[in-house]
Every structure is written in structure tokens, then in C-alpha cells.
Amino acid sequence: MSPLWADIAVFPYEPPWLTVAVLLAFLLFMGGAIGSFLNVVIYRVPAGLSIVKPRSRCPRCLVPILARDNLPVLGWLLLRGRCRYCRTRIAARYPLVEFAAGVIFTSLCLGEAVFQGATLPLPKFTAEQAPLFGIAVYHFALFCGLGAAALMAYDGAVVPPAFWRVILLIGLVPPLLFPDLRPVHCEVSAASYGRLAIGLADGALGGLLGALLGAVSWPAATIRARARSGHLNSVAALACVGAFLGWQAVASVGLAVAGLVLARGLLQRAGLGPGRLWLAAPFIATLAFVLGWRLLAAQLVVGKSSLLGPAAPLWFAAVAVVGTFVFSLAARPLLLGDAIATSRTPRSQSSASPP
């Protein structure tokens, strides 16, 4: 039995079904509510608009959206996908974003908190003392940033550098006070220095390695640099992943992202290209990694040390950098005909603005 299912199987508390239903409904609602806010961020931030004022309103008749119509997913269903007043169609993407956010938040809270760190690479005694719900919320903030950036790029909008700075600060600052928000630390810093130094070292090493992985992906990224976001997104996204999760995690995620880009090029050459879904490669790779973190840590073992643990050898980082460059170099000729970025323009307000 895998470590994940073993922990779930021996979960010591068996709550009644009503408690489970209420918990799931609450987590889905909270995640969906944040997803509703993300819809506002995705539309307004690239346009340089305030995310606070004015209230959400119809882009055609400019009437503010009623609170009951702003309920995640349910509001869109009750309105049948149209404005209550002028009947302008509301794109189905907005409830999908809300639903996805709710599912991701629920999955993180269940796997990392309710089941006592079942998806985290933590020993049992450590999991009992770790701020598990805090870790779940912390990771959800990362996915909100990566997901919002991917959808901005999908719409053909520029992801502002200020947006990445905010996400990076969220990844770097809280662990200075609560280092255990990162389940895996650097072995040297954990053994030799205080908690502040641990949080600082983990974030700095992770962010720098992530930025380096994004930078060495330039062979494939230069083909995409015609997009107005340029190569910054690759560097910034992986730097944020490293700041949140540490250098061991971003080494794996960076390799996975480069592999996804290469796979995308191969599919495109075969006439089966997945369109603009490759823009979500950092989001997809990071989500898969976090949900399978414990299983991967148990499998990626060399000698007596896990490549994703605190004693991970430094050559693993070098392998990740070289591998990312090689994958990107191999993807370059496959993406030479990629004209998606040059022909893409931001969608109009009537179809792209959130309800």
C-alpha cells in the first residue's frame, strides 16, 4: 500500500457523514469564492484597473452584480449564463475557474490537513506538529498566482511584473515567521541556524534555482517571446515555485515543465497540438507535484537519501538545470512554426470581463 493511502486508511477519526458533507461544502465554497476573485484579478490586473473598486458589474449595461448573482458557480447557473438586466452572455470560463479553485482548495485541505499531511513528505511525528491548514492555504496561494498568470497569457494579455512581485513576496515572507510552511528544508540551514535563517535560506535557494531553470529554458521560450509577456513568465513562475516549495521541489517541477513543452512540440509536429494549453505548464506540473509529493519523495531515492528531502544532493539541481536546457533545445525546432503568440490579441470586454 502506498504511503498516501496507508495514512488515509489509518486516519484515527471517523466523522459522521453530515460533518464530512458540511466540511466539503465549506471548502468548496471558500475555494470557489477565491476563484471568483481571481476572475476579477485576471481581467483587471493586465488592464491596470483596481481590483477593489468598482464592484463587479456587467460590461455592457454597467449595472453592479447583485450579491446573490455573485455566488460561485451557483450564481452563473441561476442566471443561465446571462446578465440579469441586459441578458448579455457571461462566458462559461468564469464558473469553471471558480469550480476548479474550489476543487483544488478542497484537495489541498484534505490531503495536507484533514488527513494529517498524507500528501506531504513529512514523518508522522512531524506532521502532527506542523501547521497543516496553514500549509494548504500557503500552497493554494501559489496555485492562484500560477493559474491567474496562465489565464492572463491565454487571453493574450501581458502579465505585469508587479503581479509576479506580489506572488514572490507571498512565497518569501510568511516562511520567515513560520519556516514549517515549507515541508522540506535545506539540511545545512536546518542544522546550523535559527528559524529566521531557515526560512530565508530555503526561499532564497528555491527562488534562485527556479529563476535559473526558467532562464535556461530560453531555446524554446525564444520562439514564444513574440508574445508580449516574453520570457519573463517562465523565469518568474519557476522562481515563485521555488520560493514557495524549496529548491528540491522546483528542480523536479522545472524538469517537468520543460518535458511538457517538449511533448507539446512533438504533438504539434504530429498535428495533435494542444493549442494554448502549454501556457499552463507550470501550473499543471506544480499541481501534480504537490498532490503527489509524498509518493515522489518515496520513489526518488538514491542510496539512503531522497532527491526531494532535506539531504538531497546538490548534483540533483545541476541535473535539473542541464535537463531543462536539453529539453528546451530539443523543443526549439518543433516550435519554429508556432505563430499562436503573434496572432493572439486580448479578448473584448464583453466576452472577457468577469460578472
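No lab work stands behind these numbers, since they all come straight from the coordinates. Because the structure is a prediction, the values reported are computed rather than measured. Ideal geometry is used to build each Cβ from the backbone, glycine not excepted, and the neighbour counts take in all protein chains shown.
Using packing as a proxy for protection, rank 84-94, 52-62, 210-220 so that the peptide with the highest average count of other Cβ atoms within 10 Å comes first.
Numbers: 84-94: 16.2, 52-62: 13.0, 210-220: 24.0.
In descending order of packing, they fall as 210-220, 84-94, 52-62.
Counting pairs of alpha carbon atoms under 8 Å apart in space and at least six apart in sequence, what relative contact order in percent does segment 3-346 give?
Numbers: 501 pairs, mean separation 59.9, N = 344.
Once divided by the residue count of segment 3-346, the mean separation gives 17 percent.
Going highest first, how would you order 235-248, 135-148 by mean Cβ packing within 10 Å?
Values: 235-248: 28.6, 135-148: 22.6.
By packing density, highest mean first, the sequence is 235-248, 135-148.
With the calculation restricted to Cα positions, what are the radius of gyration and Dmax of segment 3-346 in angstrom?
That works out to 20.9, 66 Å for Rg and Dmax.
Using +1 at the Cβ of each Lys and Arg and -1 at the Cβ of each Asp and Glu in segment 3-346, identify which of 313, 205, 79 lies farthest towards the dipole's positive end.
Going by the Cα projections, it comes out as 79.
Starting with the fewest neighbours, write out 195, 68 ranked by other beta-carbon atoms found within 10 Å of each beta-carbon. Mind dumping the intermediate values first?
Working: 195 15, 68 11.
In order of increasing Cβ crowding within 10 Å: 68, 195.
May I ask you to work out the translational diffusion coefficient for segment 37-171 at 10 °C, viscosity 1.306 mPa s, via Stokes-Einstein with Rh from the Kirkwood sum over Cα pairs, reported in whole µm²/s?
D, rounded to a whole number, is 94 µm²/s.
Kindly put 164, 278 in sequence by how many other C-beta atoms sit within 10 Å of each C-beta, fewest to most.
On the way: 164 19, 278 24.
Least crowded to most crowded, the residues run 164, 278.
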